[in-house]
Amino acid sequence: MHYFHYACWALLALVFYTYFGYAGIVWLWAKAKGLGRPARPAQAFEPPVTLVVPAYNEASILEEKVANSLALDYPADKLRLVFITDGSTDNSGQVLARHPRIEHLHAAKRAGKSMAENRAMEFVKTPYVVFTDCNTLLNRAAVRELVQHYQDPTVGAVSGEKKIRPQASAPGAGEGIYWQYESLLKRCDSQIYSLMGAAGELVSFRSDLFAPLEADTILDDFVQSLRIVGRGYRVVYEPRAYATEDASASLPEEMERKIRICAGGWQAMTRLPQLLNPLRQPVVTFLYVSHRVLRWSLAPLALLLLLPLCLGLALGSTGPLAGFYGLLLAGQVALYGAAWVGWQQAARTGHTAKPLVIPLFFSLMNLAVFLGFGRWVRKAQPAAWAKASRPPRVLGAVAGAA
């Protein structure tokens, strides 16, 4: 029985470290190094840059994205704007043809975002390239803020911040809270040494460091940026450059997104083995395992094992220990019960009561790990993203954001 007690405490410690302890450690570590926004270089830096926008059947929002791209605060003669619409069957080409400054790349076959980016890079001749999603809108200073960091030769990539447009829906509330937490961790990781994975909504690279990705790559931004870290460069987090997008239109759609990300996480862990070697890059290994690997593997497994373990210990113990394990069991039942109620509430009304948002999204995030693992094992997750539905917004509402 003693072994079960030890196992329970070990699993509790693992879960606590993954979701709370690590955040506290890196916050204190980053604070000791001067946590704050990345230092702004003293002199202006305006090198030639190419902005690449992959777009699959996005004709309905292309005008808005083009307007947003044209409004970026960067010298026009130094900023190439490239839209790649491989596989699109709508009238994207006609929309883009109305804008002489836009360079349009198109191939009839759709091979996924990774292959589209690989193909786009064949046309990139500038020393730096910025990738951004079509359904996001950038602040005007985004490109300028990203490229400033390349004055440091140790910087191989720079990632902007992802912002979720405020919404009262269940997906909007959950994504907003998650990204506030995730942004803090990213700021700390970057301050300590390097970001552990860039955000595909807005990320830039030194063009000569970009390496073509495998055709089946699910998380292109994550794998590309961490391979650059594995080569000894840093990935910097720049919150002054940000991409704003809407939350998922529904909880099932948000769950599908999480499952896909988790499938990509399992795939990425098998393709980044060098980051698991503490003798090679000890700080990178610590950040990578703590921030990514545990969250995508051992922590969800620990949560799953804790339920039957606490039940067995509560029934098999006596005295105060039985009460303690009973409380642990009741806490878990309450957490998952609240998540279930929140899911049902969102299914009926599209909204979730505030006290249920965190239990709901915490539970969905961990459930997605198992479902994503299943897809990865079966090779059932296609590289091409399913086109998401998004609520309509006012044209140009963020195009001129500062």
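Data overview
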read-out	value
Mean Cα-pair separation over length for the chain, i.e. relative contact order, pairs under 8 Å, 6 or more apart, %	21 percent
FRET E, pair residue 231, residue 182, Förster distance 30 Å, beta-carbon r, rounded to 0.05	0.75
Rounded tilt (10° steps) of 320-349 against the dominant C-alpha axis of the chain	40 degrees
Per-residue [θ]222 nm for the chain (sum of -39500 (n - 2.57) over DSSP H runs n ≥ 4, rounded to 500)	-16000 deg cm²/dmol
Cut-off under 5 Å, modelled amide H: who pairs with residue 165 long-range	245, 246, 247
Nitroxide proxy distance, nm - points 7 Å out along Cα→Cβ at residue 274 and residue 253	3.9 nm
DSSP-assigned coil residues among GluC sites (Glu not before Pro) in the stretch 76-124, each with at most 13 further Cβ atoms within 10 Å	122
Net lengthening on full extension, residue 123/residue 151 (0.36 nm per residue, minus Cα-Cα)	7.7 nm
Mean Cβ neighbour count within 10 Å, used as a protection proxy, ranking 275-283, 356-364, 131-139 highest first	131-139, 356-364, 275-283
Estimated distance in nm for a label pair at residue 209 and residue 304, the labels positioned 7 Å out from Cα along Cα-to-Cβ	3.6 nm
Cβ crowding within 10 Å averaged over residues, with 78-89, 310-321 ranked highest first	78-89, 310-321
Cα-derived Rg over Rh, computed across the chain with Rh taken as Kirkwood radius	0.99
On Cα atoms only, tilt of 251-271 relative to the major axis of the chain in degrees	90 degrees
Three-way shape label, the stretch 234-276, alpha-carbon gyration tensor, a/c 1.5	oblate
Simple label model, 7 Å out from Cα along Cβ direction - residue 90 to residue 324, nm	5.8 nm
For the chain, built as a Gaussian network whose Cα springs stay under 10 Å, the top-fluctuating residue of 213, 367, 309	309
Degrees, to the nearest 10: 22-32 long Cα axis against longest axis of the chain	60 degrees
3J(HN,Hα) from dihedral phi, the stretch 126-136, Karplus parametrisation 6.51/-1.76/1.60, rounded to Hz, x for glycine, proline	7, x, 9, 10, 10, 10, 8, 6, 5, 8, 10
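Read the figures in this text as sums done on the coordinates, not as results from a lab. Not measured: the values here are computed from a predicted model. Cβ atoms come from the backbone with ideal geometry, glycine included; neighbour counts cover every protein chain shown.
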